[in-house]
Amino acid sequence: MEKNVKNEVKEIIASILGVSVDEVLDDTAIGDITEWDSLHHIQIISAIEKEFDIRFTPDVMMDLEDVSDIVEAVEERVNK
């Protein structure tokens, strides 16, 4: 069964930030949720890399500013 990347990414973000998945929208960005600071952002990226067995280059990481950016980057790497 294929993973639903968007839902899984949102669940990871919500879990790390300690918020409800309902608070994590497609356009939710760093700073929109008080807990989403630079440290939590690194934890989110690390957890996503581990979950999907992928790696982001530093250049790509700099462009991951909101949930839709992260989902798109994961989908590009998972669907190769």
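The values are calculated or read from the model by the stated rules, or taken from the named source; none is laboratory data. What you see is a predicted model, and the numbers here were worked out from it, not measured in a lab. All Cβ positions, even for glycine, are placed from backbone atoms using ideal geometry, and neighbour counts span all protein chains on display. Areas reflect the complete protein model, heavy atoms only, side chains present, ligands, DNA and RNA absent. Shrake-Rupley method; radii C 1.70, N 1.55, O 1.52, S 1.80 Å.
Just the accessible area per residue of the chain, please: how many Å² with a 1.4 Å probe? Spell out each step's value before the answer.
Values: 5140 Å² over 80 residues.
Accessible area per residue, the chain: 64 Å².
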Value at 222 nm in deg cm²/dmol, rounded to 500, when DSSP H runs of n ≥ 4 in the chain each add -39,500 (n - 2.57): -17500 deg cm²/dmol
Rounded to whole Hz, the Karplus (6.51, -1.76, 1.60) HN-Hα couplings of region 5-15, x for glycine and proline: 4, 4, 5, 5, 4, 4, 5, 5, 4, 4, 5
To check my understanding: the extent here is largest minus smallest coordinate of the Cα atoms along each principal axis. What are those three numbers for the chain, in Å, largest first? 34, 30, 20
Per-residue ³J(HN,Hα) for region 37-47, Karplus 6.51 cos²θ - 1.76 cosθ + 1.60, θ = phi - 60°, Hz, x for Gly and Pro: 9, 5, 5, 5, 4, 5, 5, 4, 4, 4, 5
Which percent of the accessible area of the chain is formed by carbon and sulfur heavy atoms (probe 1.4 angstrom)? 48
Could you work out the relative contact order of the chain, using alpha carbon pairs under 8 angstrom and six or more residues apart, expressed as a whole percent? 35
Taking R0 as 22 Å, what's the FRET efficiency between residue 78 and residue 37 from their Cβ-Cβ distance, rounded to 0.05? 0.25
Whole-Hz ³J(HN,Hα) from phi, Karplus 6.51 cos²θ - 1.76 cosθ + 1.60, for region 69-77, glycine and proline x: 4, 5, 4, 4, 5, 5, 4, 4, 7
